[in-house]
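Just so it is clear, none of the values below were taken in a lab; they were calculated from the coordinates. These numbers were taken from a predicted model, which means no experiment stands behind them. All Cβ positions, even for glycine, are placed from backbone atoms using ideal geometry, and neighbour counts span all protein chains on display.
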């Protein structure tokens, strides 16, 4: 049904709008047939990057390659891409069939060829029973499928999605996300998907590019980005709730220390940041008559949020900011309880003063305190 998927390669691409650098010397390669997700906070440059690929904006420097050609001088219509926007932009006076076939008719396709292609795409997307309806008679999810179908009828080498699920409620977002993933598996076409929702990014992308302030901070599989964040920004942005952090400084013996932790051996770093995911903390309620279970530290539960199968527990330390732990709902904790906290050190993270990843933190020296 589709033509050969295209690779997309960005080489030192830069874009400024007056005094603002929207994209800063980005190098990125999207493999043929890959579903790549660009994720980052609002204003990080991800939508601008998508527009540069589509040809809707021109780069100030660098090159955009689609397939085996540089497309910097190619108009949007000649780039073999199709873009799906956040707003569906369907023609309200046209039926679904007319909306789907509009692009083909503009390009001079005959009625028979247009009808055949519209029916083919409508069958893939489950729209055949809706072809005679107008957009005002459709649900939000159905309108999104029509917008997808309008891009599909062109049979592009690359699909570009600019936050296409933002206007849907939570249930429809999940349903449509699954539809896009299934569509990608069926078509095998190159897809680049932009979102600010890191849960959406991790669940949808084969690889994820995390952006901030116009730069790509890390590219990797969802597992790599989550479990081995390249720097403090990625560690803080990817994950809900965010990673717990604690500032460490070098003590008189050259060891890194902070809060209740002193790590063995000398360190070349004057300071570092310890990062611990909420699910890598194990809690046990400490009852006054019971002996201390000798954990890494004890803390007071400040707030307990029940989420059904699990609970999120805010703790009063260590460090200046509260920590958050994820715990099974079977653990009976209430605000004010003292809890013993153990850390899965093999899954922790150390970041240097520049924010870059150093590696996992070693197990601290028992009984030592800075």
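Miscellaneous remarks
- Cα gyration tensor shape of region 135-209, rounded if a/c is under 1.5, else prolate or oblate by comparing a/b with b/c: oblate
- Distance-filtered residues of region 22-47 - backbone nitrogen under 14 Å, label point 7 angstrom along residue 224 Cα→Cβ: 28-31, 35-37
- Judged by the gyration tensor of its Cα atoms, with axes a ≥ b ≥ c, region 116-175 is oblate; a/c meets the 1.5 cut and b/c is at least as large as a/b.
- Against the main long axis of the alpha-carbon atoms of the chain, helix 96-106 sits at an angle near 70°.
- Segment residue 16-residue 354, extension gain: residue separation times 0.36 nm, minus the distance between their alpha carbons: 119.1 nm
- The overall shape of region 245-359 is prolate: from the C-alpha gyration tensor, with semi-axes ordered a ≥ b ≥ c, the ratio a/c is 1.5 or greater and a/b exceeds b/c.
- The angle between the Cα long axis of helix 140-152 and the main principal axis of the chain comes to about 60°, on a 0 to 90 degree scale.
- Two-site label geometry, residue 342 and residue 91: point separation in nm, points 7 Å out along Cα→Cβ: 6.6
- Backbone N atoms of region 134-170 closer than 18 Å to the 7 Å Cα→Cβ label point of residue 116 belong to residues 153-156.
- Of all DSSP beta bridges confined to region 8-237, the antiparallel ones make up roughly 50%.
- Going from the fewest other Cβ atoms within 10 Å to the most, the residues 79, 227, 154 appear in the order 227, 154, 79.
- Within the chain, helix-based [θ] at 222 nm, where runs of 4 or more DSSP H residues each add -39,500 (n - 2.57), nearest 500: -7000 deg cm²/dmol
- FRET efficiency, 1/(1 + (r/R0)^6) with R0 45 Å, evaluated for residue 271 and residue 174 via beta carbons: 0.60
- Of the labelled figures [x] 30, 61, 8; [y] 28, 58, 14, 0; [z] 25, 45, 25, 5, 0, only one reflects P(r) over Cα pairs in 20 Å bins from 0, in percent as derived from the coordinates, namely [z].
- Part-to-part distance (alpha-carbon centres) for region 118-186 and region 197-269, which is given in Å: 35
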